[in-house]
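Note sheet for the following structure.
The values are calculated or read from the model by the stated rules, or taken from the named source; none is laboratory data. For clarity, every value in this text was computed on a predicted model and none was experimentally measured. Note that we place each Cβ from the backbone using ideal geometry, even for glycine, and neighbour counts take in every protein chain shown.
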Amino acid sequence: MGKRIAEIVVLVEDQAQLSFVRRYVKQYIEYAGIRVDKAPPGQGAGEQWVKQEYPSEVDHYRRQSARRKSALVVVLDADTSATASESRRPASPD
């Protein structure tokens, strides 16, 4: 394994995505802590929530990564009528 990551931030739509990311991270990445931001249940589309939160999480990641090794994991699934390439691309942080 490589160097230890101080913090992994995970931004997901639902519990299934979170479970997938946690299994992967536990198996392949050495890390100190994990912070999860999951779309609130029953409040509309999880995809839209992830896209809304993405810019602020990128800003937070950029500030943290200057001081310590960190990672940002963002997961969107392609369950909408949009094309697959649009579904995989989160909103622009700018």
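Across the stretch 59-71, what is the total count of residues that are within 14 Å of residue 35 (Cα to Cα) and either touching a His at 6+ places or on another chain (Cβ under 8 Å) or in a helix (DSSP H, G or I) (or both)?
3
When only residues in the stretch 2-42 that are surrounded by fewer than 17 Cβ atoms within 10 Å (Cβ to Cβ) and of a type in the set (Val, Ile, Thr) count, which is nearest to residue 59 (Cα to Cα)?
Going through the qualifying residues, I end up with 36.
Checking the conditions here, which among 48, 52 is among the polar types (S, T, N, Q) and touching a residue at least 24 places away in the same chain (Cβ under 8 Å)?
52
Inside the stretch 4-49, can you point out the residues that are closer than 22 Å to residue 79 by Cα and among the aromatic types (Phe, Trp, Tyr)?
The answer is 20, 24, 49.
Here are 45, 71: which of them is surrounded by 11 or more Cβ atoms within 10 Å (Cβ to Cβ) and at pLDDT below 85?
So the residue among 45, 71 that is surrounded by 11 or more Cβ atoms within 10 Å (Cβ to Cβ) and at pLDDT below 85 is 45.
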